[in-house]
Structure formats: structure tokens, C-alpha cells
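Structure, as C-alpha cells:
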């Protein structure tokens, strides 16, 4: 997490042929390195040790309900925008044992399980995911009782962002002011070109790494050129959320017939909430040992689309898909603003890409913002 008092130095040029220096610098500082890696037909965060581990020569094609990886002749390291994983699993894990309870005669003892965290550098983070992580920080850290498990993982992260110079059809970060340029939350930030990178430090940790690299000062012409490429990426995005009408439009749309129409398509599969960078619903499981002398208290990801998520004291107050979709969208785009001071959407487009039936959150929000007939 970056210090508000940090003064960023001028951007520098870092040659592609020297990129291995970044790996060496991170390793010398004790970081394990995660990066985007081809795995099971998608991109996932995996341990990498050299530039050759990155998806060189691959592009991603993302549209509603469709994700494809295709080979190309380019040599760029970060031509793939992102896969189903945001930064969320690295700080808020999908399954985590918090306590172990041991039975002792007529009483019991509780042992808190602290995670074993290694300093981790994440290479290839996009602006939308930095924005998602900032929202998660507000949820898990900026309150009276910060989450110690999240806090430990967050403090051990060093984030190397990559600015987007192209967008896929599901992207709409420009309309959410969360991208395509990384503006905050990174330690280092790269803008990739064919032969080099524009590299910027965003924190003291990042500057410590940058000072170990062979770089030169970037010219004003080059800085402007990269700004134009990022601006062209933003202009190419065709999807937008009607943020000017939110949150009031969704509050007023509680009885809108559109909810029935989208519910008829929605499978309640919870894909959208699993891939979302900001969704944080979770439950707890109590798992006893076979001899009932010990029990594990485990936190697991949950989803408001799960049929039993609204089940409390013998009553399910969100029994239908329509109820659950309305809850999710209204919270994400409206009541989240009242609750946390920001939208719960960062425009990454994952919920569009990874929805099996291609439900488009921007299309639904736009329809719900219009008066019903």
C-alpha cells in the first residue's frame, strides 16, 4: 500500500532486452513472482521465474459468454488483458481456516491459525484490478476491526501494473474512471511498446526495485505518445455504464419488468460473483474431526446467487433468481455507493465474459434506467 507522501520520479525507459533484470531485482529483495500464465485454456496467476513464462505470442478474445486464447506472431509480454482471476484470490482467499477448536475435558481451547505469507510480487496487474483491490481495502481494512488475514496478505504484495493500450469488447473501465491507465495503488507501472517499456514508480518499494534496473529518462515525446495510445484504448470501448443515473435509477426500478426478463436467462451459477474483483460474500463452515475432539472454523467464498444465501431462521427472503439478481445488481451499482462511497463495479467486464449465457451488466443497467412501459 502506497504512502501518500511519496513523490514519484520522472518516467523512465526500460528496454525489453533487459527485462530479466526486473526478475533478478525482485528475487534479490526476497519476492516470489506471480504473473499471467497460460493454464487450462485461460490465464491464471502462477509462479514465474523468467520472461519466457509469460504468454508471449498469445491474444485473448473476450465477448459476452465467450473467452478464447489465440496465437499471434507478436512478441509482447502482456498482450493478453486478463483471465478470470483478479487480485481478489491473493488477498481474500476462497477457503481459509481461521480457528481450530480443541476439546479438553469439560471445556475447549481455540487456536487462531495465522497464514504463512511470503512476500509476493505480482507482474502484469491491470488498472481495473487495482481499482478492485482498492475497494476491497475499504471493506477489509478501513473499519474499526480490520481483517488480519486480509491485512497480512495485502502488506506482503508488491504490484507491477501494466497500462492497457488495447481493450476487448467486454471492457468498460473508461466509463467507470478506473482505467485503462493505472492511476494509483501500484508499486511499479509499465506501458509496453514493441522494443521497450515506459516504467514508473508508484511507491518507495517500487522505487527500490526501479533503482536496480538499467533505465534512461523518457522523453516528453515518448510520454505523450503513450498517453495517446492509452487514450485510444479508452475511446475504443463501446460499452458504458449509465453512472449519471445511479444509484437513484436502480432504487426506482425495483418493480421494473426487466428483472423478470433477465431472471429468465440467468442460471444463478454465481460465475459473475466468483470472477468479480470486488464481491466479498462469504460464509463459514464448522468441520469436526471424526472423533469430535477437534473442529475447524473455515471461511469460504459464497455468492448472493446461491439459493440458500438468503435463508435465515427458517425463511428465505430471496427465494427466486429474480430476487437474487436484483439484489446483486442493486447492491453492486447503487447501495454499494451508500455503503462504501464508491460503485462496486470497476468495469473489468469479467461478469460479461464469464456469464454462460452472456448477460451484460451494462445492457441491464441501461434498460433498468429507462422508465418501464
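The values are calculated or read from the model by the stated rules, or taken from the named source; none is laboratory data. All of these numbers come straight from a predicted model, not from anything done at the bench. Glycine gets a Cβ as well: all are built from the backbone with ideal geometry, and neighbour counts include every protein chain shown.
Quick check on the range 69-80. Is at least one of its residues under 22 Å from residue 133 (Cα atoms), surrounded by fewer than 16 Cβ atoms within 10 Å (Cβ to Cβ) and within 21 Å of the chain's Cα centre (by Cα)? No: the range 69-80 contains no residue that is under 22 Å from residue 133 (Cα atoms), surrounded by fewer than 16 Cβ atoms within 10 Å (Cβ to Cβ) and within 21 Å of the chain's Cα centre (by Cα). Residue-level analysis places residue 322 among those that are surrounded by 15 or more Cβ atoms within 10 Å (Cβ to Cβ) and over 30 Å from residue 177 (Cβ atoms). Look at (1) touching a residue at least 60 places away in the same chain (Cβ under 8 Å); (2) over 14 Å from the mean Cα position of the chain (by Cα); (3) assigned to a helix (DSSP H, G or I) and you find that residue 167 fails only one, number (3). Taking the range 117-152 as the range and being farther than 19 Å from residue 202 by Cα and in contact with a helix residue (DSSP H, G or I) (Cβ under 8 Å, 6 or more places away or on another chain) as the test, the residues that pass are 117, 136, 138, 139, 140, 141, 146, 147, 150, 151. Here residue 75 passes the criteria (1) under 20 Å from residue 346 (Cβ atoms); (2) part of a loop (DSSP other than H, G, I, E, B); (3) in contact with a helix residue (DSSP H, G or I) (Cβ under 9 Å, 6 or more places away or on another chain) except the one numbered (1). When you check residue 92 against the structure, is it at pLDDT 95 or above, within 18 Å of residue 301 (Cα to Cα) and within 18 Å of the chain's Cα centre (by Cα), yes or no? Here the answer is yes, as residue 92 does meet what is asked.
Can you work out which of the residues in the range 206-228 that are buried (at least 18 other Cβ atoms within 10 Å of the Cβ) and under 30 Å from residue 349 (Cα atoms) is farthest from the chain's Cα centre (by Cα)? This residue is 226. Within the range 8-44, being surrounded by fewer than 13 Cβ atoms within 10 Å (Cβ to Cβ), over 30 Å from residue 219 (Cα atoms) and touching a residue at least 40 places away in the same chain (Cβ under 8 Å) holds for one residue alone: 30. No other residue among 36, 9 is outside any helix (DSSP H, G or I), at pLDDT 95 or above and in contact with a strand residue (DSSP E or B) (Cβ under 8 Å, 6 or more places away or on another chain) apart from 36. Just the residues that are crowded, with 16+ Cβ neighbours inside 10 Å and either in contact (Cβ under 8 Å) with a residue 60 or more places away in the chain or closer than 28 Å to residue 345 by Cβ (or both), please, taken from the range 47-64. Listed by number, the residues that qualify are 48, 54, 55, 58, 59, 60, 62, 64.
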